[in-house]
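In what follows, a single structure is set out as structure tokens and then discussed.
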Amino acid sequence: MTIFMDPTSERAPENRQPLPRPADLQGKTVGLLDISKPKGNIFIDRLEDLLVQKGLTTKRYIKPTFTRVAPIELNQQIAAECDVVIESLAD
Amino acid sequence: MNYSIIVKEDCATCQLVVPVIKQLQTDDELTIYSQDNVQFPAGVSVIDDTELEYSWRRRIETVPTLIKFDVNGAEISRVVGWDKNEWQVLTGRPLGFDLPNFRPGCGSKSVDPGMPEKLSARFDRDKLQSRQVSVSTEEDDIEACYERGWSDGLPVVPPTAERVMRMLTGTSRSPEEVVGIVPPDLVTCTIEKIAINAVLAGCKPEYLPVVIASVEAALQDEFCMHGLLATTYYSGPLVIVNGPLSRAIGMNSRGNVLGQGNRANATIGRALQLVIRNVGGGKPGGVDRSAFGNPGKYTYCFAEDETNSCWESLAVEKGFSETASTVTLFAADGMQGIVDQKSRDPESLSRSFAAALRVVGHPKMILASDAILVVSPEHERIYRQAGWAKQDVKNYLNKILTIDGAELVAGAGGIAEGIPAKLAGKQLPKFREGGLNIVRAGGSAGMFSAIIAGWGASGSIGSIPVTREIK
């Protein structure tokens, strides 16, 4: 464990916080990332049906393998094309 | 009487005085602290000070040090090294007849290189009030700082307690002293928070007083740091340093003066920006709404070259003595060059300068931006040879930068931008009174000078340059 002295006003919690969540998904593009685990596609298909029924735009992505982190190019592509992303875990 | 003595085995003088220590421990109440071996001196009761806490708290610089205490435990006096007469006076008894009269002591382990900072961080940490942020040893230190949003985009120096304590040695001011309220979050800023951000920026402790003065100046109401941060304009704070301290800490005032490569120039300006970012919460995309910014928003700091100048320095012009060291804060845009290799008289050169100054903001914009004219030694020489003081140059520039309103009104020259048509018949100054300043800096070769334009809201409606003495 390393200790740093906080250079900030200390208004934010010490632990890193997730990015703020959107209030709703209206008008947002939702990325659906299949991490290539078996049956992950079935879960994503169902989610996509539900999102499309709500009138949202979706985009599908697939990680080459669930055993490794996503390639940087894929992260960059999703960040550029989507407002939010849903990542599936399945087996 | 009560005594304590601090020794280390790895010291010939400590070895020499062992018989005296044994005599004192027999006759008086003597507590022995050993810095390197609890078995030394052999045969007596020794307290382990290998952690050096006692040595640190007693500010021991030499071993052996013999300290005499009153009944309440308050120190009465001390002797360092071996001086037979001094030891006899301190203890009031005959000591060490077999020993030579004098042997110097050895360096205390508590003052080994780098050790004071380590001990200070370990034993004085309660002087620091800031939150301690735990970072996993799995994390890369510098990446951890990025992840927590502490960086301006370039790597920062991880702010360990040891580094912060070392930084604080650069000032005699108390860590908890409040120097002002930092926008945009209006947070009180202490010397300690400035020191932490100076660590991030890469400052040496000797730069800290300049950083503190810069923050103090930036937080003065007339400097308008909040507006300067929030504006869509290009500007950010520029620090100009004057006086002997700028030379003592090795600041650059000559070749590449506005460029990279000098640690003091680079890190002092950066530390100020990091205070605004981290303490004040002022970040691009947040309250910082600048459309372009400028490269100086990473760091913007230089010294005026006062050596061999024929002119008064900016600080002297502002009423400070030549022996004072000051910072002047200016709400600054990037730099624009002026090349004039042919003028050999001050009028011609000034007309070149005026033509370039005319376009600050927009050729038709008047009474909006201040400007700083950075005059190179080769251009200054022309004024020196003609006997023109800085004020003479400013007077001449302001005179020829008084412009016919007809050239400035909206639509003139086929340009929609411009001032109201009713001002067409007036003669109007480009700069507000006192809005044009001159400093001498830059490399010795090159008939170039530079304009640093100011925020479009200069003066009382926005930012007024602030000069403050470095203490």
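The values are calculated or read from the model by the stated rules, or taken from the named source; none is laboratory data. Small disclaimer: the values here were computed from a predicted structure and weren't measured. We place every Cβ from the backbone using ideal geometry, glycine too, and count neighbours over all the protein chains shown. Heavy atoms of the whole protein, side chains included, go into the accessibility calculation; ligands, DNA and RNA do not. Shrake-Rupley method; radii C 1.70, N 1.55, O 1.52, S 1.80 Å.
So that you can scan it fast, the table gives a plain yes or no per residue for (1) touching a residue at least 40 places away in the same chain (Cβ under 8 Å); (2) touching a Gly at 6+ places or on another chain (Cβ under 9 Å); (3) more than 14 Å from chain A (Cβ to nearest Cβ):
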| residue | (1), (2), (3) |
| --- | --- |
| B:Ala195 | no, yes, no |
| B:Val199 | yes, no, no |
| B:Ser214 | yes, yes, yes |
| B:Ala271 | yes, yes, no |
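Every condition in (1) polar (S, T, N, Q); (2) under 25 Å from B:Ile212 (Cα atoms); (3) in a loop (DSSP other than H, G, I, E, B) holds for B:Ser369 except the one numbered (2).
Looking only at the stretch B:273-317, residues that are open to solvent by 30 Å² or more (accessible area, probe 1.4 Å), in a helix (DSSP H, G or I) and more than 14 Å from every other protein chain (Cβ to nearest Cβ) come to 4 in all.
In the condition set (1) within 18 Å of the chain's Cα centre (by Cα); (2) assigned to a loop (DSSP other than H, G, I, E, B), B:Pro184 is compliant with all but (1). Of all residues in the stretch B:412-427, those that are in contact (Cβ under 8 Å) with a residue 12 or more places away in the chain, of a type in the set (D, E, K, R) and part of a helix (DSSP H, G or I) total 0.
Note on the stretch B:136-147: among residues that are facing another protein chain (nearest Cβ under 7 Å) and either open to solvent by 90 Å² or more (accessible area, probe 1.4 Å) or among the basic types (Lys, Arg) (or both), the one that is nearest to A:Gln17 (Cα to Cα) is B:Glu147. Elements of the type strands (runs of 3 or more DSSP E) sitting completely within the stretch A:1-80 and holding at least 1 residues that are open to solvent by 80 Å² or more (accessible area, probe 1.4 Å) and in contact (Cβ under 8 Å) with a residue 24 or more places away in the chain: these cover A:57-62. Restricting attention to the stretch B:19-41, the residues that are in a helix (DSSP H, G or I), free of Cβ contacts under 8 Å to residues at least 24 places away in the same chain and surrounded by fewer than 18 Cβ atoms within 10 Å (Cβ to Cβ) total 2. When the residues of the stretch B:92-130 are filtered to those that are within 11 Å of chain A (Cβ to nearest Cβ) and open to solvent by less than 60 Å² (accessible area, probe 1.4 Å), the one that is farthest from B:Val18 (Cα to Cα) is B:Ser130.
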